[in-house]
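Okay, structure first, notes after.
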């Protein structure tokens, strides 16, 4: 499995706070069956300062992780918040894009919680004008998801990727059930445009685990779609 969204790097955002936290999350991911993780801290503050903090955190983490002797792969990215000029800003700092072997400009984009999905077509258009491939982070978490998900479906054919959080396919609440139904419908509509992430922040409340999403996915859509969601699409996108 390939985790396309995580907050494992230490002390850089609201994810892992210490190096020990980071190592524990990475171990948890490996034990769960994950073979590659995209490291995507929040892009907070000025981009140059954020990239500097990320670089320092990555160096600290990798130096310690090498002692583990574990073949878990790591790829570097950012979770960028949609705001004025963000698409132009990331072009000035290509280190913002999710690291991949295909040299594609992959951008993990987070929306405001109350975002109006009717505005997304223009965001996608502006991104594609700049040769940026958009990955929309955890769309199921936004306020309009349950009632505006049809607008997302319209954009999948135009190249938008959706990254769903694994725990959203494994939840047990009523709202979680409604979310799962919408998520599974979107996956069925365009399985090749779907990615999975743990959005890991800590071992317990927001763990580095993708496997809890398997049961609901396989039951509704089959093993082949699960393999596509959990591994195949990300592998193709990253050139692994």
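The values are calculated or read from the model by the stated rules, or taken from the named source; none is laboratory data. Just so it is clear, the model here is predicted, and its values are computed rather than measured. FYI the Cβ positions are ideal-geometry reconstructions off the backbone, even for glycines, and counts take in every protein chain you see.
Among the residues of region 95-104, is any touching a residue at least 40 places away in the same chain (Cβ under 8 Å), part of a helix (DSSP H, G or I), in contact with a strand residue (DSSP E or B) (Cβ under 9 Å, 6 or more places away or on another chain) and more than 19 Å from residue 196 (Cβ to Cβ)? Yes, because at least one residue in region 95-104 is touching a residue at least 40 places away in the same chain (Cβ under 8 Å), part of a helix (DSSP H, G or I), in contact with a strand residue (DSSP E or B) (Cβ under 9 Å, 6 or more places away or on another chain) and more than 19 Å from residue 196 (Cβ to Cβ).
Of everything in region 231-240, what is out of contact with any helix residue (DSSP H, G or I) (no Cβ under 7 Å at 6 or more places or on another chain) and surrounded by 19 or more Cβ atoms within 10 Å (Cβ to Cβ)? Give them in sequence order. Please lay out each step first, then the result.
Residues of region 231-240 that are out of contact with any helix residue (DSSP H, G or I) (no Cβ under 7 Å at 6 or more places or on another chain), as a first pass: 231-232, 234-240.
Once the filter is applied, which keeps residues that are out of contact with any helix residue (DSSP H, G or I) (no Cβ under 7 Å at 6 or more places or on another chain) and surrounded by 19 or more Cβ atoms within 10 Å (Cβ to Cβ), region 231-240 yields 231, 234, 237, 238.
The set of residues from region 29-41 being touching a residue at least 24 places away in the same chain (Cβ under 8 Å) and more than 11 Å from residue 8 (Cα to Cα) comprises 30, 32, 33, 34, 35, 36.
Could you tell me which of the residues 91, 87, 119, 107 is over 26 Å from residue 53 (Cα atoms) and outside any loop (DSSP other than H, G, I, E, B)? First the steps, then the outcome.
Values: 91 fails: over 26 Å from residue 53 (Cα atoms); 87 fails: over 26 Å from residue 53 (Cα atoms); 107 fails: over 26 Å from residue 53 (Cα atoms).
Going through 91, 87, 119, 107 in turn, the sole match is 119.
Okay, residues lined up against (1) over 13 Å from the mean Cα position of the chain (by Cα); (2) not in a helix (DSSP H, G or I):
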| site | (1), (2) |
| --- | --- |
| 196 | no, yes |
| 217 | yes, no |
| 225 | yes, no |
| 228 | yes, no |
| 234 | no, no |
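Considering only region 16-36, I want to know if a residue exists there that is at pLDDT below 95, over 22 Å from residue 110 (Cα atoms), part of a loop (DSSP other than H, G, I, E, B) and more than 15 Å from the chain's Cα centre (by Cα). Even if it seems obvious, please write down each step before you answer.
Step one: of region 16-36, the residues at pLDDT below 95 are none.
No: region 16-36 contains no residue that is at pLDDT below 95, over 22 Å from residue 110 (Cα atoms), part of a loop (DSSP other than H, G, I, E, B) and more than 15 Å from the chain's Cα centre (by Cα).
For region 103-121, indicate whether the set of residues that are closer than 22 Å to residue 238 by Cα and more than 20 Å from the chain's Cα centre (by Cα) is non-empty. Talk me through it step by step, then tell me what you get.
Here is the first cut: in region 103-121, the ones closer than 22 Å to residue 238 by Cα are 103-110.
From the residues that got through so far, the ones that are more than 20 Å from the chain's Cα centre (by Cα) too are none.
No: zero hits.
In region 29-38, what residues are within 17 Å of residue 199 (Cβ to Cβ) and either crowded, with 19+ Cβ neighbours inside 10 Å or touching a strand residue (DSSP E or B) at 6+ places or on another chain (Cβ under 8 Å) (or both)? Selection gives 29, 34, 36, 37, 38. In region 141-159, the residues that are on the phi < 0 side of the Ramachandran plot form Cβ pairs under 7 Å with partners that are exposed (fewer than 12 other Cβ atoms within 10 Å of the Cβ), at six or more places apart or across chains, as follows: 142/113; 143/113; 143/114; 151/118. Number of residues in region 1-12 that are buried (at least 21 other Cβ atoms within 10 Å of the Cβ) and either more than 12 Å from the chain's Cα centre (by Cα) or part of a loop (DSSP other than H, G, I, E, B) (or both): the value is 8.
Residue 163: under 13 Å from the mean Cα position of the chain (by Cα), closer than 19 Å to residue 32 by Cβ and not in a helix (DSSP H, G or I), yes or no? Give the derivation first.
On the way: under 13 Å from the mean Cα position of the chain (by Cα): yes; closer than 19 Å to residue 32 by Cβ: yes; not in a helix (DSSP H, G or I): yes.
It is true that residue 163 is under 13 Å from the mean Cα position of the chain (by Cα), closer than 19 Å to residue 32 by Cβ and not in a helix (DSSP H, G or I).
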